[in-house]
1. Could you tell me how many of the residues in the stretch 17-42 are hydroxyl-bearing (Ser, Thr, Tyr) and over 10 Å from the mean Cα position of the chain (by Cα)?
2. Can you go through VAL65, VAL31, VAL58 and tell me which one is assigned to a helix (DSSP H, G or I) and surrounded by 13 or more Cβ atoms within 10 Å (Cβ to Cβ)?
3. Restricting to the stretch 1-12, and then to whatever is touching a strand residue (DSSP E or B) at 6+ places or on another chain (Cβ under 9 Å) and outside any strand (DSSP E or B), can you tell me which residue is farthest from LYS60 (Cα to Cα)?
4. Tell me whether the stretch 41-49 contains one or more residues that are over 13 Å from VAL7 (Cα atoms) and at pLDDT below 95.
5. For residues that are among the hydroxyl-bearing types (Ser, Thr, Tyr) and either touching a Gly at 6+ places or on another chain (Cβ under 8 Å) or touching a residue at least 24 places away in the same chain (Cβ under 8 Å) (or both), tally how many sit in the stretch 14-48.
Amino acid sequence: MEKTIRVSGMHCKSCEILLEDSISEIKGAKVLIADHKSGTIKVELEKESLTTDVKRAVEKEGYKVVN
């Protein structure tokens with residue numbers, strides 16, 4: 001399933017890469033696109049419950065998930 005997560009604090013391509021790398025470590029989660037300009041990350045998840053893991057990974061890197 002595809003999910004779009006809004007993220008506050010992404011300012012550049014390096015932010016995108018950092019979050020892509022962090023999320024890619026989660027088994028069953030794949031980043032389709034991270035875009036600092038729109039402040040979103042689009043991910044492909046094997047199951048809905050991985051949404052929580054992705055949000056934790058984003059916040060662990062110092063960014064804020066916006067609901």
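The values are calculated or read from the model by the stated rules, or taken from the named source; none is laboratory data. The shown structure was predicted, so the numbers you read here are calculated from the model rather than taken from an experiment. Please note: Cβ atoms are built from the backbone with ideal geometry, for glycine as well, and neighbour counts cover all protein chains shown.
1. Adding up the residues that qualify gives 1.
2. The match here is VAL58.
3. MET1
4. Yes.
5. So the answer is 2.
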